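Some notes on the structure that comes next.
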Amino acid sequence: MTLVAGIDSSTQSCKVVIRNAETGELVRSGRAAHPDGTEVDPAAWWSALQTAIADAGGLDDVEAIAIAGQQHGMVVLDADGRVIRPALLWNDTRSASAARDLTSEVGPAEYARRTGLVPVASFTGTKLRWLRDAEPQNAALVAAVALPHDWLTWRLLGYGPADESPLGPALDALTTDRSDASGTAYWSPSTDAYDFDLFERALGRSGREALGADAGLPDPDARATGADAVILPRVLGPADRAGTTVELTSAADGSSFVPAGIVVGAGAGDNAGAALGLGAASGDVVVSIGTSGTVFAVTESAAQDESGAVAGFADASGLFLPLIATLNAARVLDSISRLLDVDYDTFAEFAMRAEPGAGGVVLVPYFEGERTPNLPDATASFHGLTIASTRRENFARAAIEGMLCGLGAGLDAVRAVGVREQRLLLIGGAAQNPAVQAIAAQVFDAPVSVPAPGEYVADGAAVQAAWALSGTRPSWPLQLIASPEPDHRPVIREQYARYAASVVSG
């Protein structure tokens, strides 16, 4: 039996799945927590990866591995391969004004034409502009820019600071893939190439694509004078290999946690990884309810939405992944269940006791600002409260309806760029809540199916690992556990839209 491993280095944790490459059967798995916050020292991801690998029983019998990770995060390295400052994550909104500046300078239509995106605070390019303006001393030290999965893949291959890695700081060995590169706002899914003019506009420094692991170390004297370009990871295709592992040992006790000779796949951004893990095809629209909420589909052509509502990403299979994202998803339910002082089962019971529309109670759930619509400074608000409607049942249902209505608006947006769905695949931890499933069938005007609980981002990375190993994309079965009867209730979206519009206009 040939085993492959897939890793999901997400906002909240690191998950490892080890699967049979031929059948997709799950053999074992492991996980480890990540620290909270919107900026994180990448060393915490590396430590969590080691812990999760150990929790999964190690990699001694694994032949290939790939890493999928949270998109957009800014990891900046100096000439010695050291992380210059904590990584800014996708949900860090401090670069909102930088996004506005970049959009004003280039124009939304031109940005969409060149990258498939219009800048918002999430994207790497806006974070680099923030770094240029807010921390010029750090910006001057930047020798390479990576995304979370790029940096972890580089470390897994044995690269890093000389005193922490066997192969040293070979920055030209950095790699990424189309899906993650497409979330930077300086790479084009349409041309499969970096837009170095937009990169320079962001950081104020010229850039170049990494030459490959055999390119050698940069000239430190040239870097000191700023005469050379900042290195960006080499962009790999879906079946490409980033390299093979060397033996890696733990700094804590000297034990080996990665054996030599494991094939390392290209890796992916988290949403593209999920699409690959689900085997999403034409007609499937994925609605993911995690730390963030996303709506995306695999398409044959690139999307270019100058309104900025839809990000025209690339996918992990060689196609495209038009996507909308919301900052407020499963944690909306966490917040309101804590407010009501109930567990998730009781929370679901409360929500199902209320009528569709929650008696007129509406939660606009912009607890952490919002990305779609682009309102980084917004806050959450309840509306429609009366003496009669102020009941725990209505609060619980309004939380679920508000979260799903934001994603319903996302479905409308991807439809506007040409996506046509036959079914919605509802995934993420919150999708297992029976109240979320039932209310989704009322909010969405399309058939809803719920796949079995799984680590689909890590599964997508495992698909990539098997693909890199054999040269052929595997086809693993998808198990569905629920397909709630369609029960569309327009009143839910209609009353939500009224109050959400007042937040946007206000």
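The values are calculated or read from the model by the stated rules, or taken from the named source; none is laboratory data. No experiment lies behind these values; they were computed from the predicted model shown. As a convention, Cβ positions derive from the backbone with ideal geometry for all residues, glycine included, and neighbour counts pool all protein chains shown.
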Practice problem: Please determine, by comparing only the residues of region 1-49 that are of a type in the set (Asp, Glu) and within 23 Å of residue 160 (Cβ to Cβ), which one is surrounded by the most Cβ atoms within 10 Å (Cβ to Cβ). | Solution: 8
Quiz prompt | Selection status of residue 200, more than 25 Å from the chain's Cα centre (by Cα) and either closer than 30 Å to residue 250 by Cβ or assigned to a helix (DSSP H, G or I) (or both) | solution = no
Quiz item: Residues of region 61-112 being under 19 Å from the mean Cα position of the chain (by Cα) and charged (D, E, K, R), which ones?
Solution: 92, 94
Self-check item: Whichever residue in region 276-297 is farther than 20 Å from residue 440 by Cα and either in contact with a Lys or Arg (Cβ under 6 Å, 6 or more places away or on another chain) or among the aliphatic types (A, V, I, L, M) (or both) and, among such residues, is surrounded by the fewest Cβ atoms within 10 Å (Cβ to Cβ)
Solution: 281
Quiz item: Are there any pairs with C-beta distances below 7 angstrom linking a residue in region 411-434 that is modelled with pLDDT of 95 or more to a residue that is among the charged types (D, E, K, R), with the two at least 6 apart or on different chains, and if so which?
Solution: 425/284
Quiz item: In region 332-363, how many residues are touching a Phe, Trp or Tyr at 6+ places or on another chain (Cβ under 8 Å), surrounded by fewer than 18 Cβ atoms within 10 Å (Cβ to Cβ) and not small (Gly, Ala, Ser)?
Solution: 3
Quiz item: Does residue 118 meet the test of being crowded, with 17+ Cβ neighbours inside 10 Å, in contact with a Gly (Cβ under 7 Å, 6 or more places away or on another chain) and assigned to a loop (DSSP other than H, G, I, E, B)?
Solution: yes
Self-check item: Residue in region 178-197 that is surrounded by the most Cβ atoms within 10 Å (Cβ to Cβ), counting only those that are aliphatic (A, V, I, L, M) and outside any strand (DSSP E or B)
Solution: 185
Quiz item: Limited to region 21-80, what total is found for residues that are part of a helix (DSSP H, G or I), closer than 15 Å to residue 154 by Cα, out of contact with any helix residue (DSSP H, G or I) (no Cβ under 7 Å at 6 or more places or on another chain) and not small (Gly, Ala, Ser)?
Solution: 1
Exercise. Could you grab me the full set of residues in region 450-506 that are surrounded by 18 or more Cβ atoms within 10 Å (Cβ to Cβ), under 26 Å from the mean Cα position of the chain (by Cα) and among the polar types (S, T, N, Q)?
Key: 464
Quiz item: Got at least one residue in region 121-130 being in contact with a Pro (Cβ under 7 Å, 6 or more places away or on another chain), buried (at least 21 other Cβ atoms within 10 Å of the Cβ), at pLDDT below 95 and farther than 21 Å from residue 265 by Cα?
Solution: yes
Quiz item: Does any residue of region 43-53 turn out to be in contact (Cβ under 8 Å) with a residue 60 or more places away in the chain, touching a Cys at 6+ places or on another chain (Cβ under 8 Å) and either of a type in the set (D, E, K, R) or more than 19 Å from residue 201 (Cα to Cα) (or both)?
Solution: yes
Quiz item: Which condition does residue 230 not pass, out of (1) modelled with pLDDT under 95; (2) under 16 Å from residue 172 (Cα atoms), if it passes all the others?
Solution: (1)
